[in-house]
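A.B. asks: Below is the structure I would like to discuss, written out as structure tokens.
A short reminder: the numbers here are calculations on the coordinates, not readings from a lab. Computed from a predicted model, the values in this text were never measured in an experiment. Counting neighbours? That spans all protein chains shown, and the Cβs are built from the backbone with ideal geometry, glycine included.
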Amino acid sequence: MENLLSSVRNSCRLLKEFLDSPKELGVTELSKRLHLSKGTVHKILTTLEAEGFIRQNAKTKQYTLGYTLLELGNKVIQNHDIVDFSTPYLRHLLEQTRELVTLCILDKTDAIYVAKLDSPHPIRFNVEIYRRFPPYATSGSRVLLAFQAAAFQEDVLRDVELKQYTPQSFTSVEEIKENLRQIRERGYEISCNRRNQGVTGIAAPVFDATGQVVAAVSVIGPSDRVQPQTEAILGQLLKTTADMSEQLGYRA
């Protein structure tokens, strides 16, 4: 950590504050959140604004994210080979299931939906892509976590404050660990009402040539529509992830 530039790190911390915040933030609020002086925060904002990473609202004098970040984010997605590779498989799965299909990956200790195809049904479930969330939170992210090394799982779950999304959400780390063991044993996850009431997610892993899980594919929708088709959807999902894994060089 001693080799990190404090100014660059503080700039990164400031930008991240906008991920789970209102659209605009002011100097005073950012100063409180970052535990930095107002003068320091103002200098960071001025520098980031000059490079297009931050914009100031002329009326409110508040700050929001700039368009340069959008350009960089789009570039990341364009260069993300797993998204391009997965797209035709996800489309075929959507045609078969007619429910929301997602592609989830791990980035350090966070899970991210990097692609999704929406259900054609007027009543459907939706997710926000490119947003980070804990790897124990969803069916897809738990599939990713289940196939990681035990040391990684311990790091993720150590001292974690579990959020109760619904009455069916996990209440302890031990519950999550048992769930991860079951996922690894059976090779997929079926989750009902754990993150969102009335929603069921079915997820399975994608392996690369080295045997590592590089992504998880999920089919998600209203429980009253998905649960009666669980067996059929699971079969279609497992066929899809097996085909993807084979194309990536995986041999069971």
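A.B. asks: For helix 38-50, what angle does its Cα long axis make with the longest principal axis of the chain, in degrees from 0 to 90 and rounded to 10?
C.D. replies: For helix 38-50, the angle is close to 70 degrees.
A.B. asks: Between Ala151, Ala115, Ala203, which gets the highest mean-square fluctuation from a Gaussian network model of the chain, Cα cutoff 10 Å?
C.D. replies: Ala151
A.B. asks: Name the residues whose placed amide hydrogens come within less than 5 Å of the amide hydrogen of Ala115, ignoring near sequence neighbours (fewer than 5 apart) on the same chain.
C.D. replies: Leu103
A.B. asks: Output ³J(HN,Hα) for the stretch 103-118: one whole-Hz value per residue in order, computed from phi by the Karplus curve 6.51 cos²θ - 1.76 cosθ + 1.60 with θ = phi - 60°, and x for Gly and Pro.
C.D. replies: The phi angles translate into 10, 10, 10, 9, 10, 6, 10, 10, 9, 9, 7, 9, 7, 7, 10, 6 Hz.
A.B. asks: If you plug each phi of the stretch 175-182 into the Karplus form 6.51 cos²θ - 1.76 cosθ + 1.60 with θ = phi - 60°, what whole-Hz ³J(HN,Hα) values come out, in order, with x for Gly and Pro?
C.D. replies: Karplus-based 3J(HN,Hα) across the stretch 175-182 equals 4, 5, 4, 5, 5, 5, 4, 5 Hz.
A.B. asks: Next up: Given the DSSP H assignment, sum -39500 (n - 2.57) over each helix run of at least 4 residues in the chain and divide by its residue total; what's the result at 222 nm in deg cm²/dmol, nearest 500?
C.D. replies: Estimated from H runs of four or more residues: -13500 deg cm²/dmol.
A.B. asks: Ok, one more. Can you list the residues, at least 5 places off or on another chain, whose amide H is less than 5 Å from the amide H of Ala215, using H built in the peptide plane?
C.D. replies: Val206
A.B. asks: Charges at C-beta only: +1 for Lys and Arg, -1 for Asp and Glu. How large is the resulting dipole of the stretch 153-252 about its Cα centre, in Debye rounded to 20? The partial results should precede the final answer.
C.D. replies: Numbers: 11 positive and 14 negative charges, 42 e Å.
That gives the stretch 153-252 a dipole magnitude of about 200 debye.
A.B. asks: May I pose another question? Along the Cα→Cβ direction, 7 angstrom out, place labels at Leu70 and Leu234. What is the inter-label distance in nm?
C.D. replies: Taking the simple label geometry, Leu70 and Leu234 are separated by 4.3 nm.
A.B. asks: On to the next question. Eigenvalues of the Cα gyration tensor times 5, then square-rooted: what semi-axes does that give for the stretch 126-252, in whole angstrom, largest first?
C.D. replies: Each semi-axis is √(5λ); the values are 22, 20, 12 Å.
A.B. asks: Test of understanding: in a Gaussian network model of the chain with alpha carbons linked when under 10 Å, which of Tyr136, Tyr63, Tyr188 would top the mean-square fluctuation ranking?
C.D. replies: Tyr63
A.B. asks: With contacts defined as alpha carbon pairs under 8 Å and 6 or more residues apart, what's the relative contact order of the stretch 189-252 in percent? Mind showing how you got there, number by number?
C.D. replies: Working: 96 pairs, mean separation 21.5, N = 64.
RCO, the stretch 189-252: 34 percent.
A.B. asks: Suppose R0 equals 51 Å. What FRET efficiency, 1/(1 + (r/R0)^6) with r the Cβ-Cβ distance, do Glu95 and Leu5 give to the nearest 0.05?
C.D. replies: Once rounded, the FRET efficiency stands at 0.55.
A.B. asks: Who wins for biggest fluctuation among Gln212, Gln197, Gln62 in a Gaussian network model of the chain, springs between alpha carbons below 10 Å?
C.D. replies: Most flexible of the set in this elastic network: Gln62.
A.B. asks: Run the paramagnetic zone check for Ala150: 7 angstrom along Cα to Cβ, then residues of the stretch 198-233 with backbone nitrogen under 20 Å.
C.D. replies: Counting backbone N atoms under 20 Å from the label point, the list is 212-213.
A.B. asks: Would you mind working out the magnitude of the charge dipole of the stretch 6-72 relative to its Cα centre, with +1 at each Lys and Arg C-beta and -1 at each Asp and Glu C-beta, to the nearest 20 Debye?
C.D. replies: 240 debye
A.B. asks: Hey, with R₀ at 41 Å, roughly what FRET efficiency would Lys61 and Ala252 work out to, going by the Cβ-Cβ distance, to 0.05?
C.D. replies: Efficiency, rounded to the nearest 0.05: 0.10.
A.B. asks: Relative to the longest principal axis of the C-alpha atoms of the chain, give the angle of the C-alpha long axis of helix 81-97, reported between 0 and 90° and rounded to the nearest 10°.
C.D. replies: Once rounded, the angle reads 50 degrees.
A.B. asks: Compute the Cα gyration tensor for the stretch 6-72, then decide on rounded, prolate or oblate, letting a ≥ b ≥ c be the square roots of its eigenvalues: rounded whenever a/c is under 1.5, prolate when a/b is larger than b/c in the other cases, and oblate in all that remain.
C.D. replies: Because its axes are fairly even, with a/c under 1.5, the stretch 6-72 counts as rounded.
A.B. asks: Would you mind calculating the gained length between Thr28 and Thr109 on full extension (0.36 nm times residue separation, minus the Cα-Cα distance), in nm to one decimal? Present the calculation step by step, with values, prior to reporting the outcome.
C.D. replies: On the way: separation 81, 0.36 × 81 = 29.16 nm, distance 3.00 nm.
The Thr28-Thr109 span can extend by a further 26.2 nm.
A.B. asks: Could you give me the ³J(HN,Hα) list for the stretch 58-67, computed from phi with Karplus coefficients 6.51, -1.76, 1.60 and θ = phi - 60°, whole Hz, x at Gly and Pro?
C.D. replies: Once θ is set to phi - 60°, the couplings for the stretch 58-67 become 4, 7, 8, 6, 8, 10, 9, 5, x, 6 Hz.
A.B. asks: Using the Kirkwood radius built from alpha carbon pairs, what does the Stokes-Einstein equation give as D for the stretch 51-118 at 4 °C and 1.567 mPa s, in µm² per second?
C.D. replies: 90 µm²/s
A.B. asks: Give, in nm to one decimal, the length gained when the segment between Lys43 and Gln168 is fully stretched (0.36 nm per residue of separation minus the Cα-Cα distance).
C.D. replies: 40.4 nm
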